[in-house]
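Q: Input: one structure, supplied below.
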Amino acid sequence: MITVTVNKKEHRIGEGTTVSGLLEVLGINPAATAVALNDIVIPKAEYATKVLADGDKILIIKAFYGG
């Protein structure tokens, strides 16, 4: 298990978890999100291959409609 910080909250996840795996665990639709890993925006095409490491800081921004 590793510890990552997601939107300022710590989460314990399995080693080898990818960005898309984290979104799945958190129940977040990847199509409607932007993800920054350690202050660098990750392209959606890399969600399935970008493996998270212990101590990573993730910012997840969800799109919403309104006006």
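Q: When the residues of the stretch 4-52 are narrowed to those that are outside any strand (DSSP E or B) and of a type in the set (K, R), which ends up nearest to A63 (Cα to Cα)?
A: Going residue by residue through the stretch 4-52, those that are outside any strand (DSSP E or B) are 7-8, 14-17, 19-32, 38-39, 43-50, 52.
Checking which are of a type in the set (K, R) leaves us with 8, 44, 50.
Details: K8: 19, K44: 14, K50: 21 Å.
Taking the candidates together, the pick is K44.
Q: For the stretch 32-47, enumerate the residues that are open to solvent by 70 Å² or more (accessible area, probe 1.4 Å) and free of Cβ contacts under 8 Å to residues at least 12 places away in the same chain.
A: I40, V41, A45, listed by residue number.
Q: Of the residues that make up the stretch 5-12, is at least one open to solvent by 50 Å² or more (accessible area, probe 1.4 Å), modelled with pLDDT under 95 and not acidic (D, E)? Lay out the reasoning, then the answer.
A: We begin by selecting, within the stretch 5-12, every residue open to solvent by 50 Å² or more (accessible area, probe 1.4 Å); these are 7-12.
Those left that are additionally modelled with pLDDT under 95: none.
Among the residues of the stretch 5-12, not one is open to solvent by 50 Å² or more (accessible area, probe 1.4 Å), modelled with pLDDT under 95 and not acidic (D, E), which makes the answer no.
Q: Which residue, of K50, K57, is within 11 Å of the chain's Cα centre (by Cα) and surrounded by 16 or more Cβ atoms within 10 Å (Cβ to Cβ)?
A: Values: K57 fails: surrounded by 16 or more Cβ atoms within 10 Å (Cβ to Cβ).
Matching residue, one of K50, K57: K50.
Q: Then there is this: State which residue pairs qualify: first residue within 18 Å of A31 (Cβ to Cβ) and inside the stretch 52-65, second residue hydroxyl-bearing (S, T, Y) and modelled with pLDDT under 95 in any location, beta carbons under 6 Å apart, and separation of 6 or more residues or different chains.
A: Every condition considered, the pairs that remain are I60/T33; K62/T33.
The values are calculated or read from the model by the stated rules, or taken from the named source; none is laboratory data. The structure presented is a predicted model; accordingly, all values stated were derived computationally and were not measured. Cβ coordinates were reconstructed from backbone atoms using ideal geometry, including for glycine residues, and neighbour counts include every protein chain displayed. With ligands, DNA and RNA removed, areas are computed over all heavy atoms of the protein, side chains included. Shrake-Rupley method; radii C 1.70, N 1.55, O 1.52, S 1.80 Å.
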